[in-house]
């Protein structure tokens, strides 16, 4: 009953308002429900596009992290390197002479490398070929150097292993980005809901003020006739005239408010300005009661904040590990085994290659640093404890927010029911008061009180309706759970 009355009044307001806002060319009227507005906002609003780009950045960052642990193949080549100059050479008799010569060199090296995340080291294999052409006056020399294969590894010992911590942090960071994207879309739904009701309230205010103006003008015309017959005093007639003027002022202000709300609505949703928009009042109801423990469990499971807190703790632990490793004995091991050969002809450069080995162990032993390393460790440990304290407080605040939102949500439906009933009663009371005023049973003061109560009741009902839907989308946002369909809110991330 309430919704049918509002819908009828709302349609009348739109028809009344069309003459005020329509351009010279008749626009296409577009009716939008709350669900349609939210769908449009999630697809094409500026916030939706920004959220998609943030997620895509996180996605490619995660892909880069994964690719970093796959074998990498790389080609390095110089084709060619030419150098012409005048340089001194030593003759067989021991004398030096200056000659002009040209040196051309070319090289190619193909390498395959692989990170070892468990140890923080790297293994590699490469093959290469170099050619040098020495061009002197009357004398050209060509030489080849081949490296058929080199196999080696580089391994830090006792030092900080960034790969170990990266493999813990990056998957959490990516899962956090996925959940944050879902949260961003739910925040967009919440903002679209607010803009929807901003515009809806502005439109209904035009309807209310238009009806009030018509009623007050009718009563004013009747009062003039009654005054001419001496049935009412002059002050009552003046009060009726004042009511008409006030109604005109309120109607003009409501039109200004409507234009501002319409601009924000179209701007955020990206709707073409030539369209005339009519909003449909939501009629469905949730009719559900949410248990606090259920909401808390879903929020802990689904919110990105929980993953962010866990990631912060791991990052703090990694900084402590880094600071400690820099204060103790460290060593680096580098070893290579391979084959090599030189020749004046390309056909001989891979014949009977010789073996080559490299082994290098570097050590770093802090002896006296005047407490610098120890201070860094203490700073890292202190920061870890600070983050731990902040995490504990954040968890308490998180649970308190969920608790308060659930308690508030569970009261919204009853508040809406009460506001709707009060609105119906206020409308009936005003109509009765208007009829009694027409037959002279009450004075203008009582009629004005009934009018004010009617308008306030209508505003309270619309505010309760707005809070009702805002609470619904707020619960979705803070838990990432759809209590109406009883399932977590997920997305098809492969289509983003």
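Per the listing 448, 467, the residue uniquely surrounded by fewer than 21 Cβ atoms within 10 Å (Cβ to Cβ), assigned by TED's automatic domain parsing to the domain that holds residue 177, part of a helix (DSSP H, G or I) and at pLDDT below 90 is 448. Of the set (1) surrounded by 13 or more Cβ atoms within 10 Å (Cβ to Cβ); (2) closer than 20 Å to residue 298 by Cβ; (3) touching a residue at least 60 places away in the same chain (Cβ under 8 Å), all apply to residue 490 but (1).
Somewhere in segment 190-198, is a residue closer than 30 Å to residue 322 by Cβ, assigned to a helix (DSSP H, G or I) and touching a strand residue (DSSP E or B) at 6+ places or on another chain (Cβ under 8 Å)?
Checked against the condition, which is being closer than 30 Å to residue 322 by Cβ, assigned to a helix (DSSP H, G or I) and touching a strand residue (DSSP E or B) at 6+ places or on another chain (Cβ under 8 Å), segment 190-198 yields no hits at all.
With respect to the conditions (1) touching a strand residue (DSSP E or B) at 6+ places or on another chain (Cβ under 8 Å); (2) assigned to a helix (DSSP H, G or I); (3) more than 30 Å from residue 450 (Cα to Cα), residue 183 falls short on a single one, namely (1). Restricting segment 250-273 to residues that are touching a residue at least 12 places away in the same chain (Cβ under 8 Å) and in a loop (DSSP other than H, G, I, E, B) leaves a set whose member that is nearest to the chain's Cα centre (by Cα) is 270. Once segment 274-317 is narrowed to residues that are touching a strand residue (DSSP E or B) at 6+ places or on another chain (Cβ under 7 Å) and not in a loop (DSSP other than H, G, I, E, B), the residue that is nearest to residue 484 (Cα to Cα) is 298.
Would you check which residues across segment 435-445 are surrounded by fewer than 17 Cβ atoms within 10 Å (Cβ to Cβ) and assigned to a helix (DSSP H, G or I) and list them? Before you say what the answer is, go through the steps one by one.
Going through segment 435-445, the residues surrounded by fewer than 17 Cβ atoms within 10 Å (Cβ to Cβ) turn out to be 435-436, 438-441, 443, 445.
Scanning segment 435-445 gives 435, 436, 438, 445.
Only one residue in 174, 196, 158 is touching a helix residue (DSSP H, G or I) at 6+ places or on another chain (Cβ under 8 Å) and buried (at least 22 other Cβ atoms within 10 Å of the Cβ). Which one? Don't jump to the end; show me each part of the working.
Numbers: 174 fails: buried (at least 22 other Cβ atoms within 10 Å of the Cβ); 158 fails: buried (at least 22 other Cβ atoms within 10 Å of the Cβ).
None of the others qualify; the one that does is 196.
Evaluate segment 224-240: report whether one residue or more is under 27 Å from residue 191 (Cα atoms), in contact (Cβ under 8 Å) with a residue 60 or more places away in the chain and surrounded by fewer than 12 Cβ atoms within 10 Å (Cβ to Cβ). Looking for residues that are under 27 Å from residue 191 (Cα atoms), in contact (Cβ under 8 Å) with a residue 60 or more places away in the chain and surrounded by fewer than 12 Cβ atoms within 10 Å (Cβ to Cβ), one finds none in segment 224-240, hence no.
Out of segment 98-117, which residues are without any contact (Cβ under 8 Å) to a residue 40 or more places away in the chain and farther than 14 Å from residue 73 by Cβ? Answer for segment 98-117, where residues must be without any contact (Cβ under 8 Å) to a residue 40 or more places away in the chain and farther than 14 Å from residue 73 by Cβ: 98, 99, 100, 101, 102, 103, 104, 105, 106, 107.
Of all residues being farther than 30 Å from residue 110 by Cα and assigned to a strand (DSSP E or B) in segment 74-94, which is nearest to the chain's Cα centre (by Cα)? Just the residue, please. Before you say what the answer is, go through the steps one by one.
Going through segment 74-94, the residues farther than 30 Å from residue 110 by Cα turn out to be 85-94.
Next, from what is left, pick out any that are assigned to a strand (DSSP E or B): 85-90.
Working: 85: 61, 86: 64, 87: 64, 88: 67, 89: 69, 90: 72 Å.
Only one residue fits best here, namely 85.
Is it fair to say residue 343 is touching a strand residue (DSSP E or B) at 6+ places or on another chain (Cβ under 7 Å), closer than 22 Å to residue 159 by Cα and surrounded by 14 or more Cβ atoms within 10 Å (Cβ to Cβ)? Step through it out loud before you land on a result.
Numbers: touching a strand residue (DSSP E or B) at 6+ places or on another chain (Cβ under 7 Å): yes; closer than 22 Å to residue 159 by Cα: no; surrounded by 14 or more Cβ atoms within 10 Å (Cβ to Cβ): yes.
In short, no.
Within segment 61-73, the set of residues being within 17 Å of residue 108 (Cα to Cα) and not in a strand (DSSP E or B) is empty.
The values are calculated or read from the model by the stated rules, or taken from the named source; none is laboratory data. Note that the coordinates shown come from a computational prediction; the quantities given were computed from them, not determined experimentally. Positions of Cβ are backbone-derived with ideal geometry, glycine not excepted, and every protein chain shown enters the neighbour counts.
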